[in-house]
Amino acid sequence: MPSETEPAGELSVDLVPGDYMVKGACAGVHGLKVSIVEGEKAPLTVPYTCDSVMERFIRHTGGPITISATPPMDKPAAAGVTIRPNTDPRAAALKDMAEWLAQQLQPEIAGQHAGSAGSNSPTSMGMPAEPGSYEVHFICEGPPEAQFSVSSWAGVEVLAPVRVPCNGDVFKASVELPTKGADFNMAPSNGAESRYAFRLVSSA
């Protein structure tokens with residue numbers, strides 16, 4: 001029977017750097033876990049159930065990668081794993097966004113309300129911030145500039161529309177939120193694909 005040392009399915013390959021999609025399927029048990037080991041990195045464990053196909057995007061830096069599927073101990077099961085070059089542009093875009101966000105508005109500030117968005121047209125995102133005094137931080141990438149404003153969930157203008165250059169600098173402004181909830185409103189200047197990161201930091 002499969003065990004931690006004898007998985008139901010295993011694949012070891014040496015790959016060039018690139019974006020890949022790992023897929024796994026199983027039968028005979030409710031679910032299992034897939035372990036992905038890239039070179040000397042710590043294992044990435046992904047649990048999933050056998051009523052669906054697991055898909056996991058990987059941005060591989062190159063070199064050996066081992067993928068194994070392990071069912072619950074002493075349970076008979078069949079499992080298979082594959083890895084192929086990624087063909088889903090949405091998965092790559094989400095990874096790009098996550099990597100970009102990890103470098104923006106750092107370090108984190110205790111109690112902050114942070115968010116992000118990406119679009120080539122006007123977009124909004126809400127946050128359940130409590131009423132109070134805040135400093136708003138905003139940064140964008142993609143177009144030459146973006147229009148940015150903040151309003152309360154009740155529709156009160158908190159920050160009038162302002163054009164912010166997307167040059168890597170963080171825009172900051174003091175705002176007063178009169179009621180619970182804030183909407184961040186953004187629009188690129190020329191319809192370009194855009195990324196936004198923003199947060200509210202209490203100034204009380």
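When a/c reaches 1.5 or more, the comparison of a/b and b/c decides; with that in mind, is the range 9-87 rounded, prolate or oblate per its Cα gyration tensor? Show your work: numbers first, answer last.
On the way: a/c = 2.43, a/b = 1.77, b/c = 1.37.
The shape class here is prolate.
To the nearest 500 deg cm²/dmol, what mean residue ellipticity at 222 nm is calculated for the chain from DSSP H runs of n ≥ 4 alone, each contributing -39,500 (n - 2.57), summed and divided by the residues? Before the final figure, lay out each step's value.
Numbers: 1 runs with 13 residues, N = 204.
Value at 222 nm, helices only, nearest 500: -2000 deg cm²/dmol.
Please work out the FRET efficiency for the pair VAL16 and SER202, using the Cβ-Cβ distance as r and a Förster radius of 41 Å; give the result to the nearest 0.05.
Working: r = 47 Å, r/R0 = 1.15.
With a Förster radius of 41 Å, E is 0.30.
Which of [x] 14.5; [y] 10.7; [z] 17.8 is the computed mean projected area of the Cα convex hull in nm² for the structure on display?
[x]
Could you work out how far helix 89-101 tilts from the main Cα principal axis of the chain, as a 0 to 90 degree angle to the nearest 10?
60
Considering only SER121, ALA146, VAL170, whose Cα is most displaced toward the positive end of the charge dipole of the chain, charges sitting on Cβ of Lys, Arg (+1) and Asp, Glu (-1)?
SER121
Any read-out appearing in this document is the output of simple, stated calculations on the displayed coordinates, not a laboratory observation. Please read these numbers as outputs of a predicted model, since none were measured by experiment. Neighbour counts are summed over all protein chains in view; Cβ atoms, including those assigned to glycine, are modelled from backbone coordinates with ideal geometry.
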